[in-house]
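After the structure tokens below, expect a handful of questions from me.
The values are calculated or read from the model by the stated rules, or taken from the named source; none is laboratory data. Worth saying up front: this structure is predicted, and the values here are computed from it rather than measured. Cβ atoms come from the backbone with ideal geometry, glycine included; neighbour counts cover every protein chain shown.
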Amino acid sequence: MRHAEIRRLPYTPDQMFDLVGDVESYPAFVPWIKSMRVWNKHLTEAEIGLDAEVEIGFSLLRERFATRVRCDRAQRGIAVNLLHGPFKRLENQWRFSADPIGTQIDFSIDFEFRSMMLERILAANMGKAVNRLIGCFEARAKVLYGPAQPVSQG
């Protein structure tokens, strides 16, 4: 299952890159993330890399999965790939580029669950789930960076 979303937000590309790249903070503002464990973290000026295991919970459903996260500052891109979990396949990409109002966020996800039941549940709600996820990041940007202000491009 694939889904792509483009969103424009009035924050700088670097602000949004830093916010999305801070995966250890996700449990503080993404309500369905119940826990996060990070290991193999390495930082350079150009890249942040880490492995992360996340537990998600919706109502009675709880799942745990692990991903490899690579944050490329020069490209303003974040790539996430599956290590293990309830998926046959999981890849997502974030790209942050300058936009007249601040940042254009290009988000894409491609995944397939091992369980047909989980696949059907998420397929029926995919657009809503992605909108809610990006909404969590937008709300977090307001907390961290203040109310939305148009970004000057000069």
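Using the structure shown, decide if A129 is modelled with pLDDT under 85 and over 17 Å from the mean Cα position of the chain (by Cα).
no
Conditions tested, residue by residue: (1) surrounded by 15 or more Cβ atoms within 10 Å (Cβ to Cβ); (2) under 25 Å from Q104 (Cα atoms); (3) touching a Leu at 6+ places or on another chain (Cβ under 8 Å); (4) in contact (Cβ under 8 Å) with a residue 40 or more places away in the chain.
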{"site": "I6", "(1), (2), (3), (4)": "no, yes, no, yes"}
{"site": "L9", "(1), (2), (3), (4)": "yes, yes, no, yes"}
{"site": "E24", "(1), (2), (3), (4)": "no, yes, no, no"}
{"site": "P27", "(1), (2), (3), (4)": "yes, yes, no, no"}
{"site": "S35", "(1), (2), (3), (4)": "no, no, no, no"}
{"site": "N40", "(1), (2), (3), (4)": "no, no, yes, no"}
{"site": "L50", "(1), (2), (3), (4)": "yes, yes, no, no"}
{"site": "G57", "(1), (2), (3), (4)": "no, no, no, no"}
{"site": "C71", "(1), (2), (3), (4)": "yes, yes, no, yes"}
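Exactly one condition in (1) touching a strand residue (DSSP E or B) at 6+ places or on another chain (Cβ under 6 Å); (2) touching a residue at least 60 places away in the same chain (Cβ under 8 Å) is not met by L19; state its number.
Failing condition for L19: (1).
Residue-by-condition table, conditions (1) among the aliphatic types (A, V, I, L, M); (2) surrounded by 13 or more Cβ atoms within 10 Å (Cβ to Cβ); (3) in contact (Cβ under 8 Å) with a residue 12 or more places away in the chain; (4) over 18 Å from D18 (Cβ atoms):
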site: V54; (1), (2), (3), (4): yes, yes, yes, yes
site: L60; (1), (2), (3), (4): yes, no, no, yes
site: R76; (1), (2), (3), (4): no, yes, yes, no
site: G85; (1), (2), (3), (4): no, yes, yes, yes
site: K88; (1), (2), (3), (4): no, no, yes, yes
site: E91; (1), (2), (3), (4): no, yes, yes, yes
